[in-house]
Amino acid sequence: MEAVVRRKAAAYVCRSCTRQFQRQLRRNYSNSAPRPDIYDVVCVGGGPAGLSLLTALRANPVTSHLRVALVEAQDLSKVKSWKLPPNKYSNRCSSLTPTSALFLDQIGAWEHLDQTRVQPYHEMQVWDGVTDARIEFDWAPGSAPVEGTTIAYMNENLNLTSGLLKRLEQLGGVSVFEGAKVENITFGEETEDLDLSQWPVVHISGGKQLTARLLVGADGANSPVRAFAGIDAKGWDYDRHGVVATLEMEGEGWGGEHTKIAYQRFLPTGPVAMLPMPGNIATLVWSTTPENASLLKRLPPKDFVAMVNAAFRLSTVDLAFMHTQGADQDDEYSWRLQHTPFNSRAVPQTVVGVQEGTVASFPLKMRHADTYIGERVALVGDAAHTIHPLAGQGLNQGQGDVQSLAKTIEFAVTHGQDIGSIMSLESYVSERYTANHVLLGVVDKLHKLYSAESGPLVPLRSLGLNAVNALGPLKSFFMKQAAGSGTKIF
Amino acid sequence: MNPLRHDFIQTCRSSSPYSSFTVLTEDSSDILPPTSDAAHNTTHNTFNVQKLRYLDIGCGGGIFAESAARLPTTSSVLAIDPSPGVLAIARSHAKKDPSLSPKLTYLSSTIESLPTLKPEAVQKKFDVVSCFEVIEHVDHPALFLDHVAQFVKPGGWLVMSTIARTWTSWFTTNFMAEDVLGIVPKGTHDWHKYINEYELRGYFEETEEKRRFWGRPRAMGVVYVPGLGWKEVPGSEKVGNYFLGVQRLAGEDA
Ligand SMILES: Cc1cc2nc3c(=O)[nH]c(=O)nc-3n(C[C@H](O)[C@H](O)[C@H](O)COP(=O)(O)OP(=O)(O)OC[C@H]3O[C@@H](n4cnc5c(N)ncnc54)[C@H](O)[C@@H]3O)c2cc1C
Ligand SMILES: C[S@@+](CC[C@H](N)C(=O)[O-])C[C@H]1O[C@@H](n2cnc3c(N)ncnc32)[C@H](O)[C@@H]1O
């Protein structure tokens, strides 16, 4: 029986096989005491972080012999076969820095993304809604990095996870337990000749138990693995929601097909960002108060579109007023726009529509786990840190974690270390913790700095943006940071 | 554990076009010069296909023996130590990792009594014989090394480490200075508080017979850098901790 399970587990296990396993296992239970089913790595969470980690481990010949399992609550076959018509886009998009893209390429996943749905952008326009101070992130002649002028790639999260799943299927060798929720995590048992009392045992729905040499928590912001490890995550809620939507624009953007521009305006309620997708599509991330968010979600499409156009054009006072209106923002916007002078080329092209069912919102918070490791536990991605989306770095931080953890595991394997021991994992925390902490801090400060409508900070911040804009080298420094190609301070 | 132990073994093994998987004749002049192909095959194939047998002498708590057993390139590890106390610790620690028991065997033995306790160990020999931080604790290091030699497969490696500072003055004066090298006049104990790497090297190079039996010893000096761990520092083998590795060439036991 054990041999059957082991042999089968060596191949990529489809869902029906998983179910078959579970049946076989239940039978096994009734006959005799279960022997522990031991994996080198059990990864809880099949989001961008978990899938990249498993792909990195499987793609590397040094770590490909490890016995690995994935536990994911969602139905991954739906993710893998995810497909939308060419003109429809998911509302959940993230920017991928060139560094993340390079990593995904190295592990063989990048080519499995549908490239027609990935949109590089080359310029960024960021301005202060109160003072109008502006910084233009375009590449002055000679300042572009050798790697190219792409600041980042906009991409649907599902395009990434679907591509990663395709790559994982190609690599094989992962025991996938999908549609399986982690119900409990306990420690193993000690017997005469085996002491598993410090080994995590993951109990998943259906009764299966997986014993882990290394348990990886890639299970998002509310990480059950983090809770099991007793690792506290500190931070605060911003009392803000991120409103997302897929927008249809009047054109491909002011720069045309080949020079796409990302826009972000700091409003007193939070930043509103519009990021280019292929063709005349753009994706919106608008951080605002929970009340504003619920109003935006309630509005009929034409009024929602008016609010988005207003958010990039009208004064913050006008915009605040429009949030108090129960309806007819569309008319209000047309009227107020006539009385608002602005340079139309300095703001995104006009939004003409919003794709049905794409307006959604998420509460925003900032959390940082006290550490990323425990005995036989490592946290990656949002399980380790949750960041305000204003810098578009959340997913990229997770990719950085994964790259570092995969390297740490590789080192442990080649040196005969137990990959679950704290000693083996220490280099992962020391490499990632400070880097993530600095970025979390900077983004948090930015949010707070730009949330003030008046007071001593306001003139100061416009001074800041204008000064940065005027100073070429400083600006190219920031751009390289955004692109993840600069000196690693973030 | 100092992870450089494995790096050093890897460096030693890949420094030679021959390995314990290559048939060696007793006369090393018969060995054909390596072609680039052969060199590639040994480093590549032996790493991936052929698995290594390890003997860890003076394994103590088993920290190295465990790590050697975990390597996918290892087929088995025999770890010996005469101290029942440390072996008990080693055994109970190994219980915490189920991957170890199929590959790792602990045996309470000195190297001297191993041929009696386990005669097949002399016959089958080992691809890697390790001896970390042990030689400075034995009474007759030259005799000790003579015993060790019979467990190394032709083409296999004997790998040692020692801390120069903790060598007993006994070793320096009576064994190294007088027995092995015979170059140090009595009464210069101070100068010889620390054992130089070339003195241990001397054991393997002292006679024509030894030079036929062993290849040229390789050394690596290492320094513990707080916060960074163990780092290789070329030249430091002259002053502090160092590794010494030497390949057995001859097919017949001396
Ligand atoms: C509004 C918004 C906008 C964002 N914009 C950007 C952006 O522009 N750029 C960017 O880089 N990032 C952005 N992010 C952040 C980014 O989406 C996240 O950082 C990223 O999804 C985290 O990936 P992850 O794999 O760590 O976690 P998740 O994607 O949260 O995946 C966790 C997985 O674990 C599974 N799971 C959880 N609990 C269990 C359990 N008990 N049993 C089994 N499975 C479980 C879940 O089903 C899920 O699949 C944004 C986030 C928000 C909210
Ligand atoms: C300092 S400990 C080194 C332990 C281990 N190799 C390490 O590096 O952590 C030295 C060990 O050598 C063992 N030893 C001493 N003489 C020995 C001999 N003749 N044969 C085998 N082991 C011996 C001792 O029992 C002791 O445990």
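May I ask you to order A:311-322, A:210-221 by the average number of other C-beta atoms within 10 Å around their residues, highest value first?
Details: A:311-322: 18.5, A:210-221: 25.2.
Ranked from most to least packed, the peptides come out as A:210-221, A:311-322.
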**Report entry** Two-site FRET efficiency, residue B:216 against residue A:198, from Cβ-Cβ distance with R₀ of 45 Å, rounded to 0.05
**Finding:** 0.50
Query raised in the report: Rounded to the nearest 20 Debye, what is the dipole magnitude of the range A:238-362 about its Cα centre when Lys and Arg each give +1 and Asp and Glu each give -1 at the C-beta?
Result: 320 debye
Query - Euclidean distance between Cα centres, the range A:279-305 to the range A:33-57, Å - result: 37 Å
Report summary line: Check: C-alpha center the range A:81-103 vs C-alpha center the range B:70-144, spacing in Å is 54 Å
Query raised in the report: Once both labels are modelled 7 Å past Cα along the beta-carbon direction, what's the residue A:78-residue A:257 spacing in nm?
Result: 3.5 nm
Query raised in the report: So what are the ³J(HN,Hα) numbers for the range A:327-332, from phi and the Karplus equation (6.51, -1.76, 1.60; θ = phi - 60°), rounded to whole Hz, Gly and Pro as x?
Result: 7, 6, 4, 4, 5, 4
**Report entry** Ordering of A:38-51, A:112-125 by packing [mean C-beta count within 10 Å, highest first]
**Finding:** A:38-51, A:112-125
Query raised in the report: Two-decimal Rg/Rh of the range A:238-362 from alpha-carbon positions, Kirkwood Rh?
Result: 0.93
**Report entry** For the range A:155-255, convex hull volume per residue from C-alpha positions, Å³
**Finding:** 201 Å³
Report task. Just grab the label-to-label distance for residue B:124 and residue A:328, each label 7 Å out from Cα along the Cβ direction, in nm (one decimal). Result -> 9.2 nm
**Report entry** Semi-axes of the equivalent ellipsoid for the range A:350-431, Cα gyration tensor, largest first, Å
**Finding:** 36, 13, 10
Requested in this report: Excluding residue A:335 itself, calculate the net charge of residues whose Cβ lies under 15 Å from the Cβ of residue A:335, where each Lys or Arg counts +1 and each Asp or Glu counts -1.
Outcome: -3
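Where a number appears in this text, it was derived from the coordinates with a stated rule and is not lab data. Every value quoted in this text rests on a predicted model; they were computed, and no experiment measured them. Every residue, glycine among them, receives a Cβ derived from its backbone with ideal geometry; neighbour counts consider all protein chains shown.
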